[in-house]
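Input: a single structure, listed below in structure tokens.
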Amino acid sequence: MVCLLVVAAGCRKSETEADPTAVVQVKTAVAAIQPFEDKVGSIGTVAVHSGHFASLSAPAPARITTVYVSVGQKVSVGTPLIAFEQTPFITAAQSAEAALAAAQQAYDRARRLAEAGIVPRAAAEQAAKDLVQARAAAITARRLAQLAVVRAPISGVVTKLNASIGASADVNQPLVEVADLSALDIVFNVAPSDAAHIAPGAAVTLSAGETATGEALGIGRIISVGATVDSSTRSVEVRAQGPPSARALRIGETIFGQISMGTKPRAVVVPVAALVPVGDGFQVFVVNAASIALARKVTVGRRTEIVAEITSGLVGGERVVTEGAYGVEDSVKVTQAK
């Protein structure tokens, strides 16, 4: 009876513990010490560089009489874009000029009378103030009359047009946008901790779309790193320029960038396949001289699609399980699969 119990207990033990004679076929790799380029990936958007974009509206409430351009049309500085009904602007300018002339005469008269002691000097001072106001009003009216024809302030391409003949427009309604398509940036938003390690001139590998697997666009360069954190996104704006050889980019296009944050000359690197998630971190299976795979927790730094940097828990030269790591248990014997 005692023997039967011992045998039964032995059977139950074999059901719950790994068979020490079992051999698992895996593939392995040696943890290498090599330079590791620290990169951060970010999704960016193509935008016009500051100073190379203009959004134009009516100088005052007016009716549109002429539209000279269309979307996609190239324009140069001074090219007429939209014209408004001229009569209200001309009338306002003439009225302002007449008021300026009257204010000038009133000032001249008040000054003469004040110098002769006929009127108080305060009357001449008030006339001088009225003259200044009339002069400012006349300058504004002249300027509005000039702006009755909206002209391109920069050379570029008409990217947006929201104007039709006969329609009314006001000062808060953008009517036409002009952009210099030779001055496009790619705007990324990165975490403040990453932005601290990005410097102007750093390389950024660009690809179309939202992942690194999109159309390759070449290597661009960082041109600026924001000094403030956006209050809504809690991120820092980083601007890059694409390489001259890249295809033409489009405003609003989505670009994925892998931004270089420097190279660590001696980093412990393993294939990404060696990482096995455990809790909030990772572990790897280190194969010892007896071909036993031992689980070991590691701290992972940066990763690419192929390799990962191990900042603690592993040293260069140790062999780790790669393919088959998810099916390995601690202390199991392994053999190299073909």
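Mind listing just one residue for me: the one in region 90-100 that is among the aliphatic types (A, V, I, L, M) and under 49 Å from the mean Cα position of the chain (by Cα) and, of those, farthest from Gln126 (Cα to Cα)? For region 90-100, the residue satisfying everything is Ile90. Among the candidates Ile223, Ile186, the residue that is at pLDDT 95 or above, crowded, with 17+ Cβ neighbours inside 10 Å and farther than 30 Å from Thr65 by Cα is uniquely Ile186. If you go through region 169-199 and pick out every residue that is more than 27 Å from Glu210 (Cβ to Cβ) and part of a loop (DSSP other than H, G, I, E, B), you end up with 4. Any residue that is in contact with a helix residue (DSSP H, G or I) (Cβ under 7 Å, 6 or more places away or on another chain), in a strand (DSSP E or B), closer than 17 Å to Lys39 by Cβ and touching a residue at least 40 places away in the same chain (Cβ under 8 Å) - is there at least one of those in region 216-227? Within region 216-227 (the criterion being in contact with a helix residue (DSSP H, G or I) (Cβ under 7 Å, 6 or more places away or on another chain), in a strand (DSSP E or B), closer than 17 Å to Lys39 by Cβ and touching a residue at least 40 places away in the same chain (Cβ under 8 Å)), the answer is no, since none of the residues qualifies. Applying the criterion of being open to solvent by less than 90 Å² (accessible area, probe 1.4 Å) and of a type in the set (D, E, K, R) to the residues of region 101-134, the residue that is farthest from the chain's Cα centre (by Cα) is Asp108.
In region 265-308, the residue that is nearest to Lys27 (Cα to Cα) out of those that are modelled with pLDDT of 95 or more and of a type in the set (D, E, K, R) is Arg296. Taking the criterion of being open to solvent by 50 Å² or more (accessible area, probe 1.4 Å) and of a type in the set (Gly, Ala, Ser), the residues of region 260-288 that qualify are Ala273, Gly279. For region 242-262, the criterion of a residue being polar (S, T, N, Q) and closer than 30 Å to Val320 by Cβ is satisfied by at least one position. The residue that is farthest from Lys39 (Cα to Cα), among those in region 230-259 that are open to solvent by 60 Å² or more (accessible area, probe 1.4 Å) and of a type in the set (Val, Ile, Thr), is Ile251.
For region 135-147, the count of residues that are touching a Ser or Thr at 6+ places or on another chain (Cβ under 6 Å) and open to solvent by less than 80 Å² (accessible area, probe 1.4 Å) is zero.
The values are calculated or read from the model by the stated rules, or taken from the named source; none is laboratory data. Quantities reported herein were computed from a predicted structural model and do not represent experimental measurements. Note that each Cβ is placed from the backbone with ideal geometry, even for glycine, and that neighbours are counted across all protein chains shown. Remember, those area values only see protein heavy atoms, side chains included, never the ligands or the DNA or RNA. Shrake-Rupley method; radii C 1.70, N 1.55, O 1.52, S 1.80 Å.
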